[in-house]
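The structure under discussion appears below in the form of structure tokens.
The values are calculated or read from the model by the stated rules, or taken from the named source; none is laboratory data. Because the structure is predicted, anything quoted here is derived from the model rather than measured. For neighbour counting, all protein chains shown are included, and Cβ atoms are generated from backbone atoms with ideal geometry for every residue, glycine included. Areas reflect the complete protein model, heavy atoms only, side chains present, ligands, DNA and RNA absent. Shrake-Rupley method; radii C 1.70, N 1.55, O 1.52, S 1.80 Å.
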Amino acid sequence: VIPLSFNVGINDHLELFFSTEGWRGVKVNNPKHLSSFYLPNSQLFFGQTLLGSGPAVILAPTRVSGSTLLTTNSTLFRPAFNQPFVQFPFVGGTGLNFGLTGNNIAVAFTSTLGPVTGTEQGNFGSASNFGGIGSPCGSILPGVVLTTRTIPANLTFQTLTVPDLFTICPTYVADAPFVNRLYGESSFGTMQAGAKIRFTGPNNPLGVGLVAFYRWYLDKADDFSGFNQRQRGASPGGDIGDFGLVGFVSGRLSRSVSLHANFGYILNSNPQSEAFGTGKVTLLDRPDEVVAGVGMDFVVNKHFQLITELKSVHYAGGKTPNAFPNNPVEWLGGVRIFPRRWFGFSAAYRGHLNQQGKTFTDIFGDEEPNHGFPAGFRTSDDPHGFIFQFFAGRRNERTQGPVNCTPEIVSITKPEVVLPCPPGYQTGSCPAVLNRRVQLTAEARDQDNDTLLYTWKTTVGTFVATEGGGEPGTGPTVTLELPADVAEGSYDVTVTVDDGCAPNGAETKTTKVHVKKCPYCYLCPKVTVSCPDEVDEGTSIRFRATVTDGDPKVTPTYNWTVSAGTITSGQGTDSIEVDTTGLGDQTVTATATVVGYAAACPPATGECRTKVNRTINPIYCRAFDAYEDITFNNEKARLDLFAIRLKEDRQAKGYYVTYGGRGRGVKSVDAAARAERAQNYLYEQRGIDKSRVIIVDRGPAPDCFKVILWVCPSGAGTPPTDLGNEQVQEALRTFDVQCPPEGSYTPRQPGPKKKVRKRHVRRQGGGS
């Protein structure tokens, strides 16, 4: 870390400071120990060149197909190489499949990352649960698996890999819990500002005081960029920052030796994110910090000072459990050098006294014990470090003041005036008329107890006489009258306090009168309702209300009534759906009444009419499924369901409509070959006659390759195939067909050929 800090002393009792990290580098010696390396966008080295997802312990993901015994709260072992690469925010991506995707199993197992539960826990509440990603203990971090073993299984799978040494809860470093780089670099991610208050004077040998500070983080996990900085190890990233209060006591034991101690508590907020689409979710319940330290300094001469310190950090409070916890205790020893009074250098060594897997006597020895940790755990090669510092500053010399003490203006009011709303507008909090008279007060003191004279000047309006008489614009309290047409802005008002004794007999301070517009001026709300001119009988009608004007702070309440039909959904919201079954040759009028605004505004209403045409129940082609460029194994699972639907209706026909284009990343797709492959599979494997599956090639698509499967009952005609058709677009939205990002495809490199050992499998009768 390269820390940058700035301190300024206000007086003998108050010091303000600000610090930040100009640069930060985090080196991870053994990523296998950290849960952050098991996230869906992280991989581990299983060899010098072999990369893949590590084995982990996770909450069960959303199940698409497979085991009927699996529930959302199940705890699962995710084998190595079983999590496809999914970028943040992970949820909705492809999850684990246990390798159960081949033709030799009855039902393929597929899953989707998610769901996220336990949202809106607050900045200091417990962590959310992340299905398919995080551990059963909560948070987005999974449990880690240090070692695995194989056990006999069944005839289909000769052996089965199971976890041997593993953690149910996550493992993380509290200062960089999401790091997934072997060496992550960042800059200016953490800011800290605060004040040091010393209750005793600078000449008192006993020093007692408090240090209060606020620490905040610039990188938020609401998008890919912010979370990427977290994975570089930039910071833990508390959503609203951290609050610290430390008490200290120090004493000069002699001219050259001083003893210091401190004890404090840091309340840490949790990292949260709104990138998951379910409100704010808590990625991790960060622990609070109890900090303590004791130190001594030895002044050798005016150029050298020796310093030693013993400090500790204990992680406390409600927190996500850490399977490999460490509350560091550190010893520091060093020297401070002053070549000149105003600048100097420091150098120190820092030793970690309670390193994980070692005792105090092991740290400085040559042995490598592993106390209290499993055989798969590796201790750090060197957790110690060095400190180098350069500092410069200036301290005012203490001089004898003049005989006459200058008056001190202790305080002066900073009034605010709010302008009324324009004519015709309503307000819930601002004045109806301008209060032109503003009272200003100054408080001053003089150590000589001289009589003080207050003189005021202003750049706006005039001073008027107050009750009790006195010259306008004089005295500790005055009244300023603003012009009737005063505009928005800030206007200077200056007060001079004079004790009549020169020199240094007067002090002047300036305050501002802030004239602001009313922030909540609004017209009474108006409501307009939109709807289609006409629909066919049996088709639902969507009525949508739009509110204009009105108080922006108010969330309106909608009440709908209809002249005919039934409201099937949306009552209380800004849009409703109305069922038109049996309403042929009628007109449906929907009226929206919006309430909740100020009493000065009456309820706003709006209506819209839609004619319902009588129709004979038509027969339509229905979109059965749609998908982008996927693997053939995944496509066969979709075609299996397609075949089942065609077998249910022997008179129906299926349409396999393709839109050619690029595939995953940048590769091109042969639409005709894909269609022929699917038609042959339905015929050969599922017994669907080729005449019942019609292939339609709509040519290149503007973005990527897509497939839509249609089922057309007898008499339904043909399905729409134009890519711009609303039914086609609705099908793509319904089945969430999304094109992969440009450049995400990487051609597979040919590997060494493996010898295949043929094995005779005896077919059993029955089953499918």
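Using DSSP loop states and a limit of at most 13 other Cβ atoms within 10 Å to flag GluC sites (Glu not before Pro), what is the longest stretch of the chain containing no flagged site?
489-741
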| said: Just to be sure I understand: of the beta bridges DSSP finds with both ends in the chain, what percent are antiparallel, rounded to 5? | reply: 95 percent
| request: Just the isolated ones, please: cysteines in the chain lacking another cysteine beta carbon under 4.7 angstrom. | output: CYS405, CYS501
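What FRET efficiency do you get for SER490 and HIS384 if R0 is 56 Å and r is their Cβ-Cβ distance, rounded to the nearest 0.05?
Details: r = 55 Å, r/R0 = 0.97.
In this case the efficiency is close to 0.55.
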| query | Ranked highest first by the average count of other Cβ atoms within 10 Å around their residues, in what order do 44-53, 256-265 fall? | reply | 256-265, 44-53
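Where Lys and Arg each count +1 and Asp and Glu each count -1, what net charge lies around SER411 among other residues with Cβ under 11 Å from its Cβ?
Summing Lys/Arg as +1 and Asp/Glu as -1 gives +1.
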| task | Taking the Cβ of ILE576 as the centre, find all other residues whose Cβ is under 15 Å away and add up their charges (Lys, Arg: +1; Asp, Glu: -1). | result | -1
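Could you give the Stokes-Einstein D for the chain in µm² per second, using the C-alpha Kirkwood radius, 37 °C, 0.692 mPa s?
The estimated diffusion coefficient comes to 96 µm²/s.
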| task | Any chance you could run the full-extension gain for THR148 through ASP689? It's 0.36 nm times the residue separation minus the Cα-Cα distance, nm to one decimal. | result | 190.0 nm
| note | Per-residue accessible area, 1.4 Å probe, largest first, puts TYR349, TYR683 in the order TYR683, TYR349
| task | Quote the relative contact order of the chain in percent (integer), defining contacts as alpha-carbon pairs under 8 Å separated by 6+ residues. | result | 7 percent
| request: Before rounding to the nearest 500, sum -39500 (n - 2.57) across all DSSP H runs of length at least 4 in the chain and divide by the residue total; then give [θ] at 222 nm in deg cm²/dmol. | output: -2000 deg cm²/dmol
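For the full complex of protein chains and a 1.4 angstrom probe, list TYR520, TYR659, TYR681 by accessible area with the highest value first.
Reading off the accessible areas and sorting them downward yields TYR520, TYR681, TYR659.
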| message | Checking the a/c ratio against 1.5 first, then a/b against b/c, what shape does the Cα gyration tensor give for the range 573-660? | response | oblate
| From the cross-link list LYS280/LYS636; LYS517/LYS553; LYS27/LYS280; LYS196/LYS516, which pairs have alpha carbons spaced over 26 Å apart? | LYS280/LYS636; LYS27/LYS280; LYS196/LYS516
| Quick one: net charge of GLY333's neighbours, Cβ under 13 Å, K/R +1, D/E -1? | 0
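Just check the range 441-552 against the gyration tensor rule for me: Cα atoms, a ≥ b ≥ c as the square roots of the eigenvalues, rounded for a/c under 1.5, and otherwise prolate or oblate depending on whether a/b exceeds b/c.
Judged from the Cα gyration tensor, the range 441-552 comes out prolate (a/c at least 1.5, a/b above b/c).
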| Which helices, taking whole DSSP H runs in the chain, have alpha carbons extending 15 angstrom or more along the helix axis plus mean Kyte-Doolittle at least -1.0? | 632-648, 671-684
| query | With the Cα gyration tensor of the range 120-227 giving a ≥ b ≥ c as the square roots of its eigenvalues, does the rule (a/c under 1.5 for rounded; else a/b larger than b/c for prolate; else oblate) give rounded, prolate or oblate? | reply | prolate
| request: Could you pull the accessible area for ASP381 with a 1.4 Å probe, rounded to 10 Å²? | output: 120 Å²
| request: Taking the Cα centre of the chain as origin, sum charge times position over the Cβ atoms of Lys and Arg (+1) and Asp and Glu (-1), and report the length of that vector in debye to the nearest 20. | output: 3560 debye
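Just by accessible area at a 1.4 angstrom probe, what is the order of VAL313, VAL299 from largest to smallest?
On the way: VAL313 30, VAL299 60 Å².
The ordering from most to least exposed comes out as VAL299, VAL313.
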